[in-house]
Amino acid sequence: MEELKRINRTLKYEGSILKVYTDEIQLPNSNIAHWDYIHHNGATAIVPIRKDGKILLVRQYRNALDRETLEIPAGKLDDKNEKPILCALRELEEETGYVAGKITHLITLCTWVAFTNEKIEVYVAEELKSTMQHLDEDEFIDVEAYTIEEIKEKIFSGEIQDAKTISSLLAYENWKKKE
């Protein structure tokens, strides 16, 4: 493959969770292309497993879709230096009201490689102990528990459409089979 070269990056917008840039890319034929690039500090997601084997999911309103979604708990890194495992433990307790006695890295997801560098480190949380939710003031989250079979039905019926949730839960099912 011939080499492409970024010759300029211009910040167009800076929000609370991302920065949007326009990159000027010199193509192998010497033409210049303008590509969008979204910078994200990264995130974590957690597959929380109760003692009975049921998986905790969170139901919350998502503005981009203008509806509620059913997802695994997740959240952004507070800054680029935050350790993902600490973020995962924090988000687990904040969103579900549980702490994990055991946490294992499951998979790394690159969400949309065409235009963002966002990576989500996904963990499995086991040996859960109930504490209390610590929701942000703009979060309204219900916690629900399902078997993996119930979740797969919700995925294949279209009720669960969130990509990180689908890929993480299918990865978890495969991981569990290998244990």
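The values are calculated or read from the model by the stated rules, or taken from the named source; none is laboratory data. All of these numbers come straight from a predicted model, not from anything done at the bench. Because the Cβ atoms are built from the backbone with ideal geometry, glycine has one as well, and the counts that use them run over all protein chains shown. With ligands, DNA and RNA removed, areas are computed over all heavy atoms of the protein, side chains included. Shrake-Rupley method; radii C 1.70, N 1.55, O 1.52, S 1.80 Å.
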List pairs: first in the range 117-143 and under 19 Å from Ile103 (Cα atoms), second part of a loop (DSSP other than H, G, I, E, B) and open to solvent by 80 Å² or more (accessible area, probe 1.4 Å), Cβ under 9 Å, 6+ apart or cross-chain?
Glu126/Lys51; Glu127/Lys51; Leu128/Lys51
So which residues in the range 148-173 are surrounded by 11 or more Cβ atoms within 10 Å (Cβ to Cβ) and more than 16 Å from the chain's Cα centre (by Cα), if there are any at all?
Ile148, Glu150, Ile151, Lys152, Glu153, Lys154, Ile155, Glu159, Glu173
Considering only residues of the range 83-117 that are crowded, with 16+ Cβ neighbours inside 10 Å and among the polar types (S, T, N, Q), which is nearest to Ser167 (Cα to Cα)?
Thr111
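Per-residue answers, yes or no, for (1) of a type in the set (Val, Ile, Thr); (2) more than 18 Å from the chain's Cα centre (by Cα); (3) closer than 21 Å to Glu68 by Cβ:
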| position | (1), (2), (3) |
| --- | --- |
| Leu92 | no, no, yes |
| Val99 | yes, yes, no |
| Lys102 | no, yes, no |
| Thr108 | yes, no, no |
| Phe115 | no, no, no |
| Glu126 | no, yes, no |
| Lys129 | no, yes, no |
| Val143 | yes, no, yes |
| Tyr146 | no, yes, yes |
If you check Arg90 against the conditions, is it in contact with a Leu (Cβ under 7 Å, 6 or more places away or on another chain), among the basic types (Lys, Arg) and either without any contact (Cβ under 8 Å) to a residue 12 or more places away in the chain or under 30 Å from Thr147 (Cα atoms) (or both)?
no
Scan the range 41-56 and give yes if some residue there is of a type in the set (D, E, K, R) and more than 30 Å from Leu128 (Cβ to Cβ), otherwise no.
no
Test set (1) more than 25 Å from His105 (Cβ to Cβ); (2) open to solvent by less than 100 Å² (accessible area, probe 1.4 Å); (3) assigned to a loop (DSSP other than H, G, I, E, B) - Ser16 fails condition number
(2)
Within the range 1-13, residues being open to solvent by 100 Å² or more (accessible area, probe 1.4 Å) and in a strand (DSSP E or B) number 4
Residues being of a type in the set (Lys, Arg) and open to solvent by less than 20 Å² (accessible area, probe 1.4 Å): count how many of those fall in the range 39-79.
0
Can you pull out every residue in the range 26-38 that is within 16 Å of Thr116 (Cβ to Cβ) and surrounded by 15 or more Cβ atoms within 10 Å (Cβ to Cβ)?
Tyr37, Ile38
Taking the range 29-59, which residues are closer than 25 Å to Glu127 by Cβ, out of contact with any Lys or Arg (no Cβ under 6 Å at 6 or more places or on another chain) and not basic (Lys, Arg)?
Thr44, Ile46, Val47, Pro48, Ile49, Asp52, Gly53, Ile55, Leu56, Leu57, Val58
